[in-house]
Structures are given as structure tokens and as C-alpha cells.
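Before any comments, here is the structure.
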Amino acid sequence: MAGGGGDRGLSLLQGAACSRGRPAGLPCVRGASQRRFADRQVRPRPPPEDERGDAPGLAPETPEPARTTRAVRAVRAWPRRRKVVAVGAVVGLVLAGSGIAAAVDVVRGHELRDRLVTAPGGVVGLAAAPAERWRTALDHPRALAIMDGLLVVAETVPNQAFGQVVLDALDPDDGAVRWSTRIGDAHDCGAAPGPVGGWAPGVGTADTVVCLTGPGADGVVVVVGAGGAIVADRQLAGSAPGEYDLAAPGAVVRVSRVGPPAVAPLAADGALTEDFTTRDMLVRLEDAVTGAERWSTTVPGATAPAGTRVDRMTPCVTWSGSGTPEVTSDENGLSSDVGAQHATLEACGVSVTLDLATGAVMRSVDHFDPDQAWDPDVRPLDGGGWATGVPAAAVAGWTTRVQRDDGTVVGVVDGAVRAPLATDGSPADVLLTDTHGLTGVDPADTSELWNQPGAHPQPLVRADGVVVVAFETSVVAVDARTGRELWRKDAFLADVRGELLATAFTDGRRAVIAEQVGDLPADGAPGTLRLRALDLATGDVTWSEEKTAPVPQAVGGRLYELSDDAVTALG
């Protein structure tokens with residue numbers, strides 16, 4: 001059932017979503033309602049005087065527009081005389097030049113701020129250690145999207161038997177909940193992911209959030225739009241056991257196997273006792289609101305001959321009560337990763353990445369192929385385009401195909417392309433690969449520009465023409481186009497285990513490195529987080545802070561901490 005058709009129709013849709021699975025005694029919050037749950041608390045803190053305005057923290061480092069305007073007016077009001085002494089002329093030129101330069105700086109500051117809002121790891125204003133600006137109590141919040149300038153999070157409200165998902169829209173300025181919409185027992189909610197920094201996409205801007213509720217034949221899609229209004233609440237036609245439905249930007253990815261289940265017994269050593277061919281996989285994309293099919297693609301199954309060891313292939317194996325592998329079947333679970341432009345699906349025997357716009361296969365891997373030494377992935381590139389791993393029979397043969405957004409192949413590079421964890425949103429003038437240390441290649445033709453030796457490179461920040469990279473315990477900054485070393489800090493990460501180098505941020509002037517110091521608590525509670533800011537030009541530490549807190553996220557140019565019981569804004 002799709003939304004539209006007047007206020008009465010919308011009210012019915014909202015009522016259906018609210019009533020489904022609502023715990024007794026808990027109020028139903030609809031559409032654009034301003035009501036909040038009784039136990040929700042918002043603790044605002046007014047920002048410091050020097051940080052108020054459009055972007056906290058940026059103002060002190062950029063000329064004030066009012067001061068610039070006064071300078072320009074002063075120049076314009078300079079009295080015109082036929083005879084002006086040489087000193088007066090020079091002073092006038094200096095004042096005029098200063099006013100113009102200040103105006104240019106203001107424009108550049110606003111351009112930087114606008115880029116940081118949409119850049120991975122971009123934060124507007126990191127001149128000092130970020131302090132708490134406000135805190136809003138929520139249950140297990142997860143950031144989904146920026147909608148109409150509001151931070152939309154999904155929270156899971158505890159219930160007697162299961163959790164109820166509620167979408168909350170928070171005002172970034174004070175943390176107030178502008179609207180809340182109850183979804184029910186949603187198992188998947190998604191919107192358009194933001195730009196990719198490092199390993200995973202950030203949180204992007206979206207017009208709607210798509211949520212899926214109920215398993216199998218009871219599957220329902222709920223679409224939430226501006227103001228929290230429910231614009232669609234409909235049954236997923238043709239849902240059946242064994243079919244997987246995945247939330248995508250404005251759509252639903254539907255995955256099913258074709259034909260009866262394929263089953264083959266295993267020997268005691270985990271090897272197949274007969275040939276085993278998995279079923280084809282049918283993948284369809286349908287509009288979340290109308291249900292109209294946009295495309296469908298059939299992914300062929302894979303074949304493993306008798307004698308193949310599959311006991312370590314978890315998606316294929318059913319385990320006995322004693323913990324030994326019994327039988328292999330393609331009925332077992334499907335893992336997925338749905339991004340803004342592609343969906344990666346992994347099942348028994350096969351892994352595939354599809355273009356969400358067309359359904360075209362961007363990458364396919366046969367897990368039964370004995371020569372398949374690694375599983376190549378598809379990643380969006382810093383600055384646009386795609387990096388697709390090329391299967392290789394040996395680790396030494398890793399290569400990556402670089403493509404533009406339209407699919408045109410730019411070239412093939414050795415190793416894997418590594419995206420920096422944070423950028424200032426400026427055009428990417430270099431691609432980074434982990435070949436013989438860190439190698440910079442030209443994004444226009446994949447020709448090598450420079451190489452910086454070092455072990456286990458992890459690009460942290462690309463900003464203002466500088467690349468900051470971690471090599472084990474050292475942090476090094478190089479010129480993005482020439483590779484010339486600008487500064488180096490050896491043993492900077494000596495007390496940080498590699499897997500605990502959490503993330504990085506930038507405001508275009510600094511690289512802020514977030515690290516987990518020491519061991520993480522066994523109960524899953526936040527550990528000791530250390531934040532250190534390095535000046536991009538000099539490498540000097542401009543501020544440092546340690547605290548017990550979750551790793552913050554950069555969303556819409558701001559920093560947020562999402563804990564089990566709250567969303568906290570930093571600035």
C-alpha cells in the first residue's frame with residue numbers, strides 16, 4: 001500500500017505502523033509529532049561565544065564578515081584629492097589590499113566549511129578539543145541520515161520480548177527531538193550512505209528512510225519521509241521463507257534462490273562425498289513506495305567437485321549438535337552490504353557485487369575455485385569512481401581495476417587502493433595504494449607519482465594538498481602530488497595496537513587521530529579514547545585529550561558520540 005491520497009489515507013498509514021507491535025502503555029508517536037517519550041532527556045549546553053554561528057569553531061580562524069565589510073567601506077570612503085602624498089597612497093593601497101584579501105579568506109572559509117559537511121571525517125572547527133554541547137537520552141541509537149538538516153537516528157526501545165524501532169530526528173544545534181516515528185519490530189533500516197572514508201561509508205543526506213519489518217511472508221516495508229511522515233506502509237508481495245529482503249536507498253533489494261535446495265553430505269574430514277552445485281540466485285530491486293520492479297539479475301550458482309573441503313565455508317555448512325560439520329546446503333544464511341550505489345551479497349559458493357542503478361554485475365567470486373587466493377571487493381574511490389579487486393592466484397599478484405562512475409576503466413594498479421579515513425572534501429589529486437609501502441598514483445591515468453616506503457600503511461587524512469599516513473607506530477605527512485616528506489613523528493603510535501587505531505578527522509587545517517589506548521573492557525563498555533590534533537603544515541600537536549567514551553562519528557560536519565543510552569554532540 002503506497003502513501004498519498006489525502007490526509008485520511010496518511011493517517012491510516014501512520015496508524016497501521018504505530019499499532020503494529022506497539023508495547024502496552026507506550027504512546028504512539030506519529031509523523032511530524034513533537035511529542036517525546038516520558039523518559040527522554042535533552043541536556044543542552046550553549047556554545048562558547050567565539051563558536052556561535054553557522055559552524056562551531058570555524059569563526060575564530062576566518063576573518064569576520066563584518067570586519068571585512070568595514071575595511072572595504074573605509075577604503076571606499078577614502079577622500080579623493082587631486083594631490084595625495086606618496087605615503088597616503090601607499091596606505092590606501094595597503095588597506096584596500098587587506099580588505100580584498102580578508103574578503104577572499106572569508107569566501108575560502110565558507111567553501112571549506114561546505115566541503116567538510118559532506119566529506120568523510122570532515123568536521124567544521126577542530127581548533128580545540130571538542131567539548132559536550134548537548135546530550136539526548138535514547139536507547140541504543142544508530143545514525144541513519146541527515147534529513148532536512150536534522151540528524152535521524154534509529155533507536156531500539158526495549159520491550160518484553162523484542163525491541164521496537166523508533167526513528168528520531170534530532171536538531172543538531174540543541175539536541176531537541178523534532179519528530180519521532182514508531183516503526184515496530186524492524187530488522188533493517190537504511191538510507192543513502194555518505195562518502196566512504198577508509199573501510200565503511202559514513203552517514204549521508206537522504207529524502208527517505210526505508211525500514212523492513214517481519215520475516216518471510218509477513219515482510220512489510222515502511223518508508224518515512226520529511227517530518228517523520230509515513231509515505232508508504234505495504235506488504236512485500238511474494239515474500240517467502242528463504243527469501244531475503246534488504247533495505248536500500250529508496251528501494252528494497254530482494255534475493256531468492258531458484259529451484260529446490262541443493263544438499264550434499266560431507267565426509268568425516270569435511271570433504272564433499274559427491275559433486276555439489278548451488279542454485280542460481282535471483283536478485284531484484286523494487287521501488288520501496290510503489291513496489292515497481294526496477295531491474296532483476298540472475299547470478300549463476302557455483303560447482304564444487306567431490307572431495308572439495310568445505311568445512312570452513314560457514315555459509316555452506318550445517319553443524320551437528322556435537323560441533324562437527326554434517327552436510328553442506330545452499331539454504332544457509334546470506335550476508336550483505338548495501339551501499340549508496342552497489343550491493344554486495346555473499347552466499348554459499350558465490351559472492352557478487354551489483355550496481356544498484358542497473359543490476360549489472362560489477363564483481364563475481366567463485367568460492368569453490370581452488371585458485372581463488374583472495375576475495376576482491378568493490379570500493380568507492382576518494383573523489384569518485386570505483387576500485388574493483390581483480391582475483392589472483394597468489395597474494396603477490398593482487399591488482400585493482402580503477403573505474404570511473406560510468407564504468408570506464410582508467411587502468412589497473414598493483415595492490416589495493418586505500419581510501420583515507422578523512423578528507424577536507426577537496427578534489428582528489430592522488431589515489432593511494434598499499435604497494436611497497438604507500439604509493440600515490442594519478443587518478444587520471446593510474447600512472448605512479450611517488451612511493452613512500454613503510455610497513456602496513458593506513459592513510460589517515462588527505463587535506464590541503466597533504467596526505468597523512470600511519471606506518472605501524474610512525475605518522476608521516478607527504479605532499480599529495482610529489483610525495484615529498486613534510487614531517488615525520490616516529491613512535492607516535494607506540495602505545496596503540498594497530499587494530500585500536502580507531503579513526504581520524506580533519507577540519508582542513510589539522511589531522512585529528514582517534515586511538516583506543518590499552519585493552520578494551522571485556523563487557524563491551526567504552527575504553528580509554530585518546531584524541532590528538534596534528535597541525536597539517538608542521539606536525540605539531542595542537543591539543544590532546546583522553547577520556548572514557550565511545551569513538552565519535554563525523555556526520556554533517558559535526559562530531560557525535562553514540563552510546564547505548566544517548567546521543568552526545570561535541571563541538
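Mind checking which residues of segment 155-174 are out of contact with any Lys or Arg (no Cβ under 6 Å at 6 or more places or on another chain), more than 19 Å from VAL220 (Cα to Cα), crowded, with 23+ Cβ neighbours inside 10 Å and not acidic (Asp, Glu)? Residue satisfying the conditions is LEU170 alone. Among the residues of segment 521-571, the one identified as open to solvent by 10 Å² or more (accessible area, probe 1.4 Å), among the small types (Gly, Ala, Ser), farther than 30 Å from LEU167 by Cβ and part of a strand (DSSP E or B) is SER544. Condition test on ASP171, is it of a type in the set (Asp, Glu) and at pLDDT 90 or above? So ASP171 fits the description; yes.
So is PRO141 of a type outside the set (Lys, Arg) and under 26 Å from TYR244 (Cα atoms) or not? Criteria met by PRO141. Scanning segment 191-238 for residues that are more than 22 Å from SER180 (Cα to Cα), open to solvent by less than 20 Å² (accessible area, probe 1.4 Å) and at pLDDT below 85 yields a count of 4. Selection of segment 128-144 for residues being touching a Ser or Thr at 6+ places or on another chain (Cβ under 7 Å) and within 15 Å of ALA554 (Cα to Cα) yields only GLU132. Determine if segment 277-295 includes at least one residue that is open to solvent by less than 50 Å² (accessible area, probe 1.4 Å), among the acidic types (Asp, Glu) and in contact with a strand residue (DSSP E or B) (Cβ under 9 Å, 6 or more places away or on another chain). Yes, because at least one residue in segment 277-295 is open to solvent by less than 50 Å² (accessible area, probe 1.4 Å), among the acidic types (Asp, Glu) and in contact with a strand residue (DSSP E or B) (Cβ under 9 Å, 6 or more places away or on another chain). Within segment 433-449, the set of residues being buried (at least 16 other Cβ atoms within 10 Å of the Cβ) and farther than 18 Å from ALA419 by Cβ is empty.
Being aromatic (Phe, Trp, Tyr), at pLDDT 90 or above, crowded, with 17+ Cβ neighbours inside 10 Å and part of a strand (DSSP E or B) is a property that holds for TRP487. Put simply, of PRO376, PRO420 the only residue that is modelled with pLDDT of 90 or more, in contact with a Pro (Cβ under 9 Å, 6 or more places away or on another chain) and in a loop (DSSP other than H, G, I, E, B) is PRO420. Name the single residue, out of those in segment 122-154 being modelled with pLDDT of 95 or more and of a type in the set (Lys, Arg), that is surrounded by the fewest Cβ atoms within 10 Å (Cβ to Cβ). Looking at residues that are modelled with pLDDT of 95 or more and of a type in the set (Lys, Arg), I get ARG135. Of all the residues that make up segment 466-476, how many are under 18 Å from ALA419 (Cα atoms) and either in contact with a Gly (Cβ under 6 Å, 6 or more places away or on another chain) or in a loop (DSSP other than H, G, I, E, B) (or both)? Total satisfying the criteria: 2.
Cβ-Cβ distances below 8 Å connect the following pairs, each with a first residue in segment 465-480 that is in contact (Cβ under 8 Å) with a residue 12 or more places away in the chain and open to solvent by 10 Å² or more (accessible area, probe 1.4 Å), a second residue that is aliphatic (A, V, I, L, M) and in a strand (DSSP E or B), and a separation of six or more residues or different chains: VAL466/ALA477; VAL466/VAL478; VAL466/LEU486; PHE471/LEU438; ASP479/VAL466; ASP479/VAL467; ASP479/LEU486.
The values are calculated or read from the model by the stated rules, or taken from the named source; none is laboratory data. Bear in mind that the values here come from a model prediction, so they are computed numbers and not experimental data. Neighbour counts are summed over all protein chains in view; Cβ atoms, including those assigned to glycine, are modelled from backbone coordinates with ideal geometry. SASA here: full protein model, heavy atoms, side chains in, ligands and nucleic acids out. Shrake-Rupley method; radii C 1.70, N 1.55, O 1.52, S 1.80 Å.
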